[in-house]
1. Which residues' amide hydrogens lie under 5 Å from the amide hydrogen of VAL357, considering only partners 5 or more residues apart or on another chain, with H built in the peptide plane?
2. Return the tail of the calculated pair distribution for the range 1-151, meaning the percent of Cα-Cα pairs more than 22 Å apart.
3. Let's test the formula: R0 of 41 Å, r as the Cβ-Cβ distance of ASP83 and ARG159. What FRET efficiency results, to the nearest 0.05?
4. Viscosity 1.002 mPa s, temperature 20 °C: what is the translational diffusion coefficient of the chain from Stokes-Einstein with a Kirkwood Rh over Cα pairs, rounded to a whole number of µm²/s?
5. A 23 angstrom limit on the alpha carbon distance is what I want to check against. Which of LYS184/LYS233; LYS177/LYS334; LYS137/LYS334; LYS107/LYS299 exceed it?
6. Taking every DSSP beta bridge that has both residues in the chain, what percent is antiparallel when rounded to the nearest 5?
7. Set the Förster distance to 41 Å, then compute FRET efficiency between ALA358 and PHE185 from the Cβ-Cβ distance, nearest 0.05.
8. Using Cα pairs under 8 angstrom and six or more residues apart, how large is the relative contact order of the range 232-359, in percent?
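Any read-out appearing in this document is the output of simple, stated calculations on the displayed coordinates, not a laboratory observation. Predicted, not measured: the structure shown is a model, and the values here were computed from it. Don't worry about glycine lacking a Cβ; one is built from the backbone with ideal geometry, like all the others, and counts go over all protein chains shown.
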Amino acid sequence: KPVFDIVGGLKACREPVCISDFENHAKEFLPKNTWDYICSGANEGITLRENRCAFDRLRLRPRVLRDVSSIDMSTTILGEKIDFPICVAPTAMQKMAHPDGEIATAKAVDQAGTCMTLSLGSTSTIEDVASSSSGLKWFQLNVCKDRDVTIDLIRKAERAGFKAIAVTVDTPYVGRKYAEIRNKFALPPHLTLANYTNETGVKSHYASLIDSSLTWDLIPWLRSVTKLQIVLKGILTAEDARLAVQYGVDGILVSNHGGRQLDTVPATIEALPEIVSAVDGKCEVYLDSGVRFGTDAFKALALGARAVFVGRPVLWGLAYQGEEGVAKVLQIFKDEFKLAMGLTGCCSVQDISRDMVAHEMQYS
Ligand code: FNR
């Protein structure tokens, strides 16, 4: 049951109808420590804001009279079918948003027919998440200083049937989020980082684990220890995209970590075109950071992404109603994406083309 009848301060609106309704609910409902943890951006939040503004600066160029009576949103990522190209990004410590945490997310994502990326920093174990649903799952990895710890995590993900490893490469150090520093952020004592020890001193623990000496040699090393497909999460330049292709990765997730790492890097939708062009079809390209509407996903696909991933909206869904809340968030994304396809004259994702998006400057 929803905790609040009042969503977004609008008494008349009892059921959320858009993603910001879930956000507004979460802001009222969650403890400040949790809300700040979820919503903060690094430093002044310039990239955090740009992630939204850059989407809003793009205009859609719809085509008409193209028989859109039947719309197929399905596609594949790394050879696996998904019902619509909006997947779930890894976010750590989901039990802070709802007691069912990652298990609730996995069930809702499975029902929606898309892909869940489980964070290494989850508050449920890899095994528990895997056994809670049979849906498509990727595992997000930060490579640890102790490579045996990393190998152990990869083996768990392999055994649990995860299809790919999303290696986060934009976090050799953790970004500065003012609110978290002020709040002296800590995982509530009843929760643990389930994939490692019974550790609760998250920040220092995390920092002590992360290997900040990684280089591109990481990729052949990963290939030597696992047959799982490899996606690099956190690429923002054509230069690194070319290297990623050279090193033979299977996918690139264009991400600025939802504006949480290095402030003033570009919005991902603005970085996407140079990366798509550099990759030239040699691996799949995805995008996250700031996706809040079906039209955002549409714009990303038009500019060459194969799928998008969403982070915070899932946590807001969890905070609203656990599994059902996440299901509702995903349903809104699905409905909005279908509408965007129908209203632009697209019956399949292959119909979504580059000329369907233009910068607002083109109209001024
Ligand atoms: C994240 N993100 C993240 N990324 C990652 O690789 N490992 C992680 O454990 C986490 N944890 C995490 C926690 C929280 C609270 C947030 C908001 C984000 C980043 C995440 O995968 C993704 O890149 C962004 O969330 C995408 O931006 P939006 O959709 O939140 O705007």
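1. Amide H neighbours of VAL357, under 5 Å, 5+ apart: ARG61.
2. Values: 6738 of 11325 pairs.
Cα-Cα pairs in the range 1-151 separated by more than 22 Å: 59 percent.
3. Numbers: r = 26 Å, r/R0 = 0.64.
The computed FRET efficiency comes out at 0.95.
4. Working: Rh = 20.6 Å.
Rounded, D is 104 µm²/s.
5. Values: LYS184/LYS233 27 Å; LYS177/LYS334 31 Å; LYS137/LYS334 19 Å; LYS107/LYS299 28 Å.
Checking Cα-Cα distances, LYS184/LYS233; LYS177/LYS334; LYS107/LYS299 exceed 23 Å.
6. Working: 8 of 36 bridges.
If I count the DSSP bridges inside the chain, around 20 percent turn out antiparallel.
7. Working: r = 41 Å, r/R0 = 1.01.
Given R0 = 41 Å and the Cβ-Cβ separation, E is 0.50.
8. In percent, rounded to a whole number, it is 21.
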